[in-house]
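Student: First the structure, which I've put down as structure tokens, then a few questions once you've had a look.
The values are calculated or read from the model by the stated rules, or taken from the named source; none is laboratory data. Values in this document were obtained by computation on a predicted structure and should not be read as measured data. Positions of Cβ are backbone-derived with ideal geometry, glycine not excepted, and every protein chain shown enters the neighbour counts. With ligands, DNA and RNA removed, areas are computed over all heavy atoms of the protein, side chains included. Shrake-Rupley method; radii C 1.70, N 1.55, O 1.52, S 1.80 Å.
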Amino acid sequence: MILARDSLIAQLGKGETLRGDDFIRASLDGRSPLDEVVEHVIHAAEESYEEKKLPHIAAVLANTSLSPSIDAATAHWVLNQVRKMTWPKLVAIALLGDSDPESGQSNLESVPLPPVETSGAETYEHWNARNVFYELYYSDSMTGNRLDSSVVRSPRVNDFGLTPGGNLIYQLADLHLVSLADKQALVSALGPASETQTQGGTNS
């Protein structure tokens, strides 16, 4: 809650204003949709074993309090996604959002993604990092392939772009604030692209 407060104060200092709609107004039972989002944020923080996620869980509350276009259902959906995602997945979304013009953010600390295939790791050394992108693409539906290619191959991470859902998480969870060191660490863990991948070919 302290992190959410600090984020909110910082944005109010930049000229943002609190929303004034029914989202923050109590209903007949004395509760507002904002009250439930606050509870959800607290539970998400309590359940997280990854401390680095906490500022981004808090950011969802701060940004929702400022954005009339975000209803309660959307806020809960974003919190559920952030809640169940591992820190590497959130870093991966940050990497993709930094380079996506649709994200609405300008990040000078963007890190280019290598042309490695998501299922191309031959050893377990790079398996976990590549599996992060594989799951975001196939299971979580947070990324899509920027290229309309007729070549049948495993998608490469530098071809990825965020889906609307992925972009929403990037914005509401302030993933543009993920540190450069964390982004570089994930890119390094992906491992080098093979010579055929770098030249635009495919692996057999």
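Student: Candidates (i) 1.20; (ii) 0.93; (iii) 1.03; which is the computed Rg/Rh (Cα atoms, Kirkwood Rh)?
Tutor: Checking each listed value against the structure points to (iii).
Student: Rounding to the nearest 10 and keeping the result within 0 to 90°, find how far the Cα-based axis of helix 127-138 lies from the longest principal axis of the chain.
Tutor: Rounded to the nearest ten degrees, it is 70.
Student: Would you list, by chain and number, the lysines whose Cα falls below 23 Å from the Cα of residue 89, excluding same-chain residues fewer than 8 positions away?
Tutor: Result set, ordered by chain and number: 52, 53, 183.
Student: Here is a further query. Given an 8 Å cut-off on Cα distances and at least 6 residues of separation, report the relative contact order of the chain as a percent.
Tutor: Over the chain, the number comes to 22 percent.
Student: Run the 1.4 Å probe and let me know the accessible area of residue 52, rounded to the nearest 10 Å².
Tutor: 110
Student: What 222 nm value per residue comes from the helices of the chain, counting each DSSP H run with n ≥ 4 as -39,500 (n - 2.57) and dividing by all residues, nearest 500 deg cm²/dmol?
Tutor: Dividing the helical sum by the residues of the chain leaves -15000 deg cm²/dmol.
Student: Same structure again: With a 1.4 Å probe and every protein chain left in place, tell me how much accessible area residue 22 has, in Å² to the nearest 10.
Tutor: About 110 Å², rounded to the nearest 10.
Student: Moving to a separate point now. Going by the alpha-carbon gyration tensor, a ≥ b ≥ c the square roots of its eigenvalues, is region 1-90 rounded (a/c under 1.5) or, if a/c is not under 1.5, prolate (a/b greater than b/c) versus oblate?
Tutor: Taking the square roots of the gyration eigenvalues as a ≥ b ≥ c, region 1-90 is oblate.
Student: So, one more: Using a basic spin-label model with each label point 7 Å from the Cα along Cα→Cβ, how many nm lie between residue 122 and residue 14?
Tutor: Each label point lies 7 Å from its Cα, and together they span 4.5 nm.
Student: Next up: Once R0 is set to 30 Å, what does the formula 1/(1 + (r/R0)^6) return for the Cβ-Cβ distance between residue 50 and residue 25, expressed as a FRET efficiency to the nearest 0.05?
Tutor: The pair residue 50/residue 25 has a calculated efficiency of 0.30.
Student: Just check region 27-74 against the gyration tensor rule for me: Cα atoms, a ≥ b ≥ c as the square roots of the eigenvalues, rounded for a/c under 1.5, and otherwise prolate or oblate depending on whether a/b exceeds b/c.
Tutor: Oblate is the answer for region 27-74, as a/c is 1.5 or above yet b/c matches or exceeds a/b.
Student: Have a look at 28, 42, 95 and report the one farthest towards the positive end of the charge dipole of the chain, computed about the Cα centre with Cβ charges (Lys/Arg +1, Asp/Glu -1).
Tutor: 95
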